[in-house]
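Below is one structure, written out as structure tokens; comments come after it.
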Amino acid sequence: MRYYTGVKDLGNLQEAVKEALEIKKNRFAYKHLGENKTLLMVFFNNSLRTRLSTQKAGMNLGMNTIVLDVNQGAWKLETERGVIMDGDKSEHLLEAIPVMSQFCDVIGVRSFATFEDKQKDYEETIVNQFIKYSGKPVFSMETATCHPLQAFADLITIEEHKKVARPKVVLTWAPHCRALPQAVPNSFADFMNEADVDFVIANPEGYDLCEKFVRGAKVTHNQDEALAGADFVYAKNWSAYDDPNYGKIISKDMSWTISAEKMALTNNGYFMHCLPVRRGLIVTDDVIEGPNSLVIPEAANREISAQTVIKRILEGLQ
Ligand code: CP
């Protein structure tokens, strides 16, 4: 593997999950792969889980790790070509990328959607510039439209906890006070569409996701109907995708918050969320703290999804 930006890069998904579960049993077995190799993690946006889990994954593989917070301590970067750089941005990404690549063997990139230009967001202009100009293997640590390390960890978590061969998995929108990207739900949908699950997406009208990721999955605007008999409830907020409301909040309907009453509709289902989560908006305290909450195992599996991806990248460099 040279690049990891989506589910397609994993090839056979069942085999990838199997490999991840093997790695989880002995996470230091591949320490030789990363010897004298350096992982650079470039963050344009904040992170807790991705930062810690990816760095830990690199260290498990014997790598040296460098974390660069672009907006805290580095020069502010211009990302557009053809601009007169007379503002607050001192360096262009087109110089910064090849400079960064001098000091590493593998690059992870986090760069969220800006919501300024839907086409640019969905063309993934930032991560694709890293792919084009770094000359190094590049993987997504959440880009404008996808968060495939999170979705891979989510699938691993579902595999570990499922009680039936083909569980019902519901991705449901929930209310939030800020306009959030569609990256997590896009990737979750992309993975679930490839996995052996009965997948349903529930969201209010006006919040339908991009068809490229929905790919014919069942979509309903009735959350209670979706939750009926669910084995896994994956709650997440996202802003509107469809024009003219791209990147905007068009509803804060609190009847979509995941509460004990909502979970009672499920098949004693598990609650999932990628974190960070706003309690009282997305989910009530009792649900997230309850025995069916998988939010901590999901976060723990971020180390395993990252390690599986970086291991495959390192194997490609041997
Ligand atoms: N879920 C996730 O990616 O968390 P962070 O934003 O804290 O990395």
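The values are calculated or read from the model by the stated rules, or taken from the named source; none is laboratory data. Please read all numbers here as calculations on a predicted model, not as lab measurements. Reconstructed Cβ throughout: ideal geometry from the backbone, glycine too, with neighbour counts over all protein chains shown. Protein only, heavy atoms only, side chains kept; ligands, DNA and RNA dropped before computing areas. Shrake-Rupley method; radii C 1.70, N 1.55, O 1.52, S 1.80 Å.
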*Being more than 22 Å from the chain's Cα centre (by Cα) and closer than 24 Å to ALA96 by Cβ is the filter; apply it to region 10-51 and report the residue that is farthest from the ligand (Cβ to nearest atom).*
LYS37
*Pairs only if they're at least six apart or on different chains, beta carbon under 6 angstrom, first in region 10-27 and assigned by TED's automatic domain parsing to the domain that holds VAL309 and open to solvent by 20 Å² or more (accessible area, probe 1.4 Å), second hydrophobic (A, V, I, L, M, F, W, C) and part of a helix (DSSP H, G or I); list them, first residue then second.*
LYS24/ILE304
_Can you pull out every residue in region 264-295 that is out of contact with any His (no Cβ under 8 Å at 6 or more places or on another chain), away from the ligand (no atom under 16 Å from the Cβ) and either open to solvent by 30 Å² or more (accessible area, probe 1.4 Å) or more than 27 Å from ILE156 (Cβ to Cβ) (or both)?_
ALA264, LEU265, ASN267, ASN268, GLY280, THR284, ASP285, ASP286, GLU289, PRO291, ASN292
_Cβ-Cβ distance below 7 Å, separation of 6 or more or different chains: which pairs start in region 290-303 with a residue that is of a type in the set (S, T, N, Q) and modelled with pLDDT of 95 or more and end on one that is open to solvent by less than 20 Å² (accessible area, probe 1.4 Å) and away from the ligand (no atom under 13 Å from the Cβ)?_
ASN292/GLY269; ASN292/PHE271; SER293/PHE271; SER293/VAL287; ASN301/ILE156
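Given the structure, is ILE313 within 14 Å of the ligand (Cβ to nearest atom), β-branched (Val, Ile, Thr) and surrounded by 15 or more Cβ atoms within 10 Å (Cβ to Cβ)?
In short, no.
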*Given the conditions (1) within 30 Å of GLU160 (Cα to Cα); (2) more than 16 Å from the ligand (Cβ to nearest atom); (3) open to solvent by 40 Å² or more (accessible area, probe 1.4 Å); (4) free of Cβ contacts under 8 Å to residues at least 40 places away in the same chain, which single one is not true for SER90?*
(1)
*If only one of LEU149, LEU77 is modelled with pLDDT of 95 or more and either over 21 Å from SER305 (Cβ atoms) or within 16 Å of the ligand (Cβ to nearest atom) (or both), which one is it?*
LEU149
*Could you please tell me which pairs satisfy a Cβ distance under 7 Å, a separation of 6+ or placement on different chains, a first residue in region 104-133 that is at pLDDT 95 or above and open to solvent by 30 Å² or more (accessible area, probe 1.4 Å), and a second residue that is of a type in the set (Asp, Glu) and within 16 Å of the ligand (Cβ to nearest atom)?*
PHE112/GLU142
*Can we say THR308 is open to solvent by less than 10 Å² (accessible area, probe 1.4 Å) and β-branched (Val, Ile, Thr)?*
yes
*For region 220-318, which helices (runs of 4 or more DSSP H) that fit wholly inside it have 3 or more residues that are touching a strand residue (DSSP E or B) at 6+ places or on another chain (Cβ under 7 Å)?*
223-227, 285-289, 295-317
